[in-house]
Amino acid sequence: MRKTFTFIVLITTTFINAQAFSGKGDTKFDITANIQERGSGIRLSTDFGLGENISVGVLTSYLLSVSKDGLGNKPDFGDRVDLKARFNANLGNVFNIDEKVDIYPGLNLGLRNFGAHLGARYFFTDGFGIVSEIGFPIAKYKPEATGFDRLNNQFTFNIGASFNL
């Protein structure tokens, strides 16, 4: 029942908001569901436009549904949370796509690894849209990560809502 409830909450959160990157001074706030092996959770991120096609930001994620390890142990708060600084190249206008669409590859530096991501946003209105993003580690701080250290060191898929502030 808890898994069903968590899934419904995450899907509901997914359909909240999104908007295309419009350049310097533009601020986006994303709420997404994080889906990965051995856990799913919620992720909050924000990006600040520095130039026409460049943005920087921060993101945090917290894993809600996490499997127990082989000994029956559950992860504590520190195993579930991650914090990252991010850099994006917003390419929607470079590819001359519809102004409601933004495609952005980027890099992130977090508490657990150095990684990359690729995302897309589609905006229904000026302040509301959807976002989807995949991410993967390039260099892990613990290359031989085992147990709960693997939770925030793997391929992730995120889908959710984006707001233009």
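The table below gives the values:
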read-out	value
Chain lengthening between residue 71 and residue 142 when straightened (0.36 nm per residue, less Cα-Cα)	23.4 nm
Karplus-derived HN-Hα couplings along the stretch 76-86 (A = 6.51, B = -1.76, C = 1.60, θ = phi - 60°), whole Hz, x at Gly and Pro	8, 4, x, 6, 8, 9, 9, 9, 9, 9, 9
Descending semi-axes in Å of the stretch 48-165, equivalent ellipsoid built from Cα gyration tensor	31, 15, 11
Theoretical gain in end-to-end length, residue 60 to residue 116 [0.36 nm per residue, Cα-Cα removed]	18.7 nm
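Rule-based calculations on the coordinates, nothing more; no lab input. For clarity, every value in this text was computed on a predicted model and none was experimentally measured.
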